[in-house]
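The values are calculated or read from the model by the stated rules, or taken from the named source; none is laboratory data. Everything numeric in this text was worked out from a predicted model, so none of it was measured. Neighbour counts are summed over all protein chains in view; Cβ atoms, including those assigned to glycine, are modelled from backbone coordinates with ideal geometry. The protein model used for the area step is the full one, side chains on, heavy atoms only, and it has no ligands, DNA or RNA in it. Shrake-Rupley method; radii C 1.70, N 1.55, O 1.52, S 1.80 Å.
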Amino acid sequence: MAEESRLTLSVIKADIGGFVGHVSSHPDILDTAKDKLNHAKENGTIVDFHVLRCGDDLELILTHTKGCDNTEIHELAWNVFSVCTEVAKELKLYGAGQDILSDAFSGNIKGMGPGVAEMEFVERKSEPVVIFMADKTSPGAWNLPIYRIFADPFNTAGLIIDPKMCDGFSFRVLDVKEGRCITLSCPEEMHYLLALIGTSSRYIISSVYRKTDGEIAAVMSTQKLSFIAGKYVGKDDPVAVIRCQSGFPAVGEVMEPFSFPHLVEGWMRGSHSGPLMPVPFYEANPTRFDGPPRVISAGFQISNGRLIGPHDMFDDPSFDSTRRIANDISEYMRRHGPFQPHRLPEEELEYTTLPLVLEKLKDRFQKV
Ligand code: 13P
Ligand code: 13P
Ligand code: MG
Ligand code: MG
């Protein structure tokens, strides 16, 4: 790859079947995905790849030179998910093909079920990136940590120490309910930004740019499965990609907000609020009440498109107390059983099977 050419980093993910239930993925699925992508690497479609899983979600990390929203790359991911679904069906894994909401590929994988986060950039002299992948939650889960990484100087010292970051960052926010977006600039519009993104089920940060030169800093997947399928088919377990160092937040500044296990939507049946627990790869198996929600983090140095890594970023005892607190919070939240705010409000459950239960009572209500 020529030194100044633009590289695309695409993270495309889908739940194509769980082992056991919604807890994890089966090794045969990961092997199948690796085989297929190896082939694509050999024939030059992609430069490099890495396959991971978080809970029951299959994560394809790809580098290539074809740009974002590229049909060939999206079709490749679609084909990987399709063959993996065949394996999942063969093993009768749970919810085989869960996120594959369409029968045939139609040009762009967005809107067809899988989650997508892609960015294109000229590779720097050194290009550290950190990829976050979560299970049993939804894209709004990134709002709080992304805000803290790119707008909060109490988290990111670089916002006041590094001249390239002092002007701040701009945030593209998606209103998933109305299908519109807005860009807000920090620090000037911080209060407006927070006024929106605190409603994390509706307003979702989709990308972040450095204001000094407009460079892309972060991208998040924002797909809402229920809006595509019209019913609950599993949560929209999200991914986020963040560039680090030399004018972007340092790796440690990117990791820091995850030391607070904030409450996110998801957990059992995608219908509960619970703490986001940062875990090493091997602990991303949510079994307690299908949770609590997990996040893993893979760090890479990119070298001429090659993915050098991953480093398992949460495999660090400095996150032990976060995990302990997340367990304490889980215990506290679970004691609420079916009561809010552990169980999500009714509006958030409109795509689940709850309305069918309420339907059964509708004729028994009397006017007061
Ligand atoms: P850079 O500005 O070179 O990224 O250095 C910041 C740093 O690594 C401090 O932790
Ligand atoms: P997933 O979205 O990870 O498949 O989980 C679905 C669920 O309902 C867990 O209880
Ligand atoms: Mg699942
Ligand atoms: Mg999942």
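The set of residues in region 237-277 being charged (D, E, K, R) and either within 16 Å of ligand 4 (Cβ to nearest atom) or touching a helix residue (DSSP H, G or I) at 6+ places or on another chain (Cβ under 8 Å) (or both) consists of Asp237, Glu253, Glu256, Glu265, Arg269.
Only a single item in (1) in a loop (DSSP other than H, G, I, E, B); (2) surrounded by fewer than 20 Cβ atoms within 10 Å (Cβ to Cβ) is not met by Ser200, and it is number (2).
Count of region 264-274 residues, restricted to those that are more than 12 Å from ligand 2 (Cβ to nearest atom) and either aromatic (Phe, Trp, Tyr) or surrounded by fewer than 19 Cβ atoms within 10 Å (Cβ to Cβ) (or both), is 0. Number of residues in region 114-127 that are within 16 Å of ligand 1 (Cβ to nearest atom) and open to solvent by 10 Å² or more (accessible area, probe 1.4 Å): the value is 4. For region 167-184, filtering for residues that are among the hydroxyl-bearing types (Ser, Thr, Tyr) and buried (at least 17 other Cβ atoms within 10 Å of the Cβ) leaves 1. Being open to solvent by less than 10 Å² (accessible area, probe 1.4 Å), over 23 Å from Leu174 (Cα atoms) and more than 16 Å from ligand 3 (Cβ to nearest atom) is a condition met by no residue of region 225-242.
If you go through region 1-60 and keep only what is modelled with pLDDT of 95 or more, under 20 Å from Ser126 (Cα atoms) and not hydrophobic (A, V, I, L, M, F, W, C), you end up with Arg6, Thr8, Ser10, Asp48, His50. Of everything listed in (1) more than 16 Å from ligand 3 (Cβ to nearest atom); (2) open to solvent by 10 Å² or more (accessible area, probe 1.4 Å); (3) not in a loop (DSSP other than H, G, I, E, B), the single unmet condition for Ser207 is (2). Only one entry in Pro292, Pro286, Pro338 is modelled with pLDDT of 95 or more, open to solvent by 20 Å² or more (accessible area, probe 1.4 Å) and over 30 Å from Asp213 (Cα atoms), namely Pro338.
Any residue at all in region 159-166 that's under 23 Å from His262 (Cα atoms), at pLDDT 95 or above and either among the β-branched types (Val, Ile, Thr) or buried (at least 16 other Cβ atoms within 10 Å of the Cβ) (or both)? For region 159-166, residues under 23 Å from His262 (Cα atoms), at pLDDT 95 or above and either among the β-branched types (Val, Ile, Thr) or buried (at least 16 other Cβ atoms within 10 Å of the Cβ) (or both): present.
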